[in-house]
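So the structure is just underneath, and the comments pick up after that.
Any read-out appearing in this document is the output of simple, stated calculations on the displayed coordinates, not a laboratory observation. Just so you know, these numbers come straight off a predicted model, no measurement behind them. Cβ: placed from backbone, ideal geometry, glycine included. Neighbour counts: every protein chain shown.
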Amino acid sequence: MKKVERINTIMRYINNRAHFTISELMQEFNISRSTAIRDIREIEAMGMPLVAEVGRDGGYSVLNNSVLPTVRFTDSEIKALFIAFMATRNQQLPYLKSRQSLAEKLLGLISENQQDELVHLNQILLFEGTNPDNPDLLDLSDLPHPVLEQLIQTLLWDSYLLITIKEEKEIKTYPIYLLHLYHEKGFWLIEGFNLQDEKKQVFPVNNLTNVEPYLTKKRLSKKKILEKISLQEKKLNLVLELGPKAIAQFKKYHPFKISISYTNPYQTTAILKTFINVNHPEELTEIINWLFFLGEDIKIKEIPTEVVEGLQGRLDLFCP
C-alpha cells in the first residue's frame, strides 16, 4: 500500500474509534513503530485533532471524533454521483480501483432510505457494455492499460515526456510534448508533438512500455510548438452543413479531431470543417464509414474527390 493510501486509510480507521494505540496501528497495517509514529505526526499536521493519553495503557483519541466537516448532498446530487459511478463500468478509465471505495464512502454518508433508492436504481438502469443478466459483472476490458495511471501522474507534473513504444519488430523511444490524452473507439491515444522530428503524432497507449519526464535543458517552448503545428496544418478540404438529425448522430460518435460550429441559437444546424488526409488509407476509410453514419441530413459544400469515389464504391457494392 502506498503511503498516501495508507495515511488516508489510517485516518478513516482512527476516526471511527474512540481510542487507539500505536501497537494497534502496527498490527492493523503491518507497519513498524517508527512508521506508525511518523504517520500519526503527518495526520496531526493535516489538522486531525488527536489527543495523546499518558500512562501504561495510553494511546490516542480523536477530539470530538471528527476529521472533516460534514458534507451534505441533496437527493438529486446523490443519484447523480451514483449513476456516474455506474456509467463508468467497462469504460477502461484510470483509477478504477478507487471507484469501489468512493461508492462505499458515498453509501456511508446517506440514510437507509436513500441507500434503498440507489439499490433500486442499480437494478433498473443499464448502460452500454453492461451485462443485463449480471449488471455487477465487469469485463476484463474494464481495466485500463497499466501504464495509463503512470502516464497521467507524470504528465500532471510535466508535459514533456520520454515515451517508449513497442512497435511490430522493435522498441522505439520518442521525446514528445503531450497535447492531448483521449479515448476513442475503446482505446486510449496520445496526441503529442514529436520533439525530435518536429511533427504531430498519435501513439496508442496500449503499446506503451514506459513513460518518464523528458529531462533536457534544450526544450522547445510551448509557444514555439504551437507555432510549428499551426504552420503544418493542412488546408481544410471537407466542409459539411449538418441538420438536427446529423447533429444527433455527430453527438453519438465523431473522430477526435473533428468538431462542429453551431449556426443558430437553437443548435439545430451546424457546420463542419476539417482536413482529410486522403493519402492515409485508414483515415480515408474511417471518414467514408462515418459519413454514412451521419446519414442523409447533411449538405456537402466541399469534399475530396477520393472521398466521393470511396462513397460511390461502397454504394456500388450494395447496388451493382
As straight-line cross-link partners of K172, the qualifying lysines (C-alpha separation under 20 Å, not fewer than 8 residues apart within one chain) are K199, K200
Expressed in angstrom and rounded, the centroid-to-centroid distance over alpha carbons for the range 245-283 and the range 147-188 is 26
The local net charge around K273, scoring Lys/Arg +1 and Asp/Glu -1 for residues other than K273 whose Cβ lies under 15 Å from its Cβ, equals +2
For the chain, whose charge dipole is built from +1 on Lys and Arg Cβ atoms and -1 on Asp and Glu Cβ atoms, the candidate among I14, T35, V239 with its Cα farthest towards the positive end is T35
For K3, counting only aspartates and glutamates whose alpha-carbon sits under 19 Å away and dropping same-chain residues fewer than eight positions off, the answer is E24, E28, D39, E42, E44, E149
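Send over the semi-axes of the chain's equivalent ellipsoid, whole angstrom and largest first, taken as the square roots of 5 times the C-alpha gyration tensor eigenvalues.
Details: eigenvalues 492, 162, 65 Å².
After scaling each eigenvalue by five and taking roots: 50, 28, 18 Å.
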Once Lys and Arg are counted +1 and Asp and Glu -1 for all other residues with Cβ under 11 Å from that of E42, the total becomes +2
PRE zone check, label point 7 Å out along Cα-to-Cβ of E128, amide N under 15 Å, scope the range 251-273, hits 251-256
Charge tally for neighbours of R17 with beta carbon under 14 Å away, counting Lys, Arg as +1 and Asp, Glu as -1, is -2
Expressed in angstrom, Rg and Dmax over the Cα atoms of the range 1-52 are 10.0, 27
